[in-house]
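Notes follow the structure.
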Amino acid sequence: MVSATKNSWKATESNNPETRPAKSQSIKMSLTYDHIKSKLTEKFSDQVTNFEELYGMLSFEAPKEMNLKVMQFLFDEPDLNFRFLTDLTSVHYPDNAGRELAVVYHLHNLVDNVRVRFKVFTDINSPDVFTAANLFSAANWMERETYDFYGINFIGHPNLKRILNVDEMDYFPMRKEFPLEDQTRIDKDDDMFGR
């Protein structure tokens, strides 16, 4: 009984930061957005732009030709360590001439629990972006879904084909190219559609 009390006391003491022995070699500074920005600027200079902190997450963009180089740097750099692709999607900006489609990558550093949002823009007439499937295996299906709904052609993808819609579809349904439903229609019973 005494030894159990003694062990409990030791466990409590080792959790107390004032009595815990210093581990100077294992102390690591937490990763900050300023550090990430400085590392990206140091490596790519003015090719990585539009740094913003939106909704508590660092966002930035690069030319579409640089997407793999930037992600490979974020992956390989030991103090950045962004090795998990949380999400990959697209956004259609119809009024943004020459930059109508954005491919958005959400990357996560699991060690420091830090996330970043990385964007590349492309012309809707040539929506070609290099695949990230060789760097992140999860990108495989995410890129197929993004192709299926937005028509982004991921160059080098091992199996780029529709994943949710039928193969015969000749359009991309998430693009803002279609009129919204006419709210003045009287031929539909709203009770049938949960409105």
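In this simple spin-label model, placing a label point 7 Å from the Cα along the Cα-to-Cβ direction at both M66 and V166 gives a separation of 4.3 nm. Be a star and scan segment 155-186 for residues whose amide nitrogen sits under 13 Å from the point 7 Å along the Cα-to-Cβ vector of V91. So the set is empty, nothing qualifies. Of all DSSP beta bridges confined to segment 30-167, the antiparallel ones make up roughly 75%.
Rg then Dmax, both in Å and based on the Cα atoms of segment 30-167: 14.7, 47.
Multiplying the residue separation of S126 and N50 by 0.36 nm and subtracting their alpha-carbon distance yields 25.1 nm.
Read-outs: derived from the displayed coordinates by stated rules, not from any lab. Note that the coordinates shown come from a computational prediction; the quantities given were computed from them, not determined experimentally. When we count neighbours, we look across all protein chains shown, and the Cβ atoms used for this are built from the backbone with ideal geometry, even at glycine.
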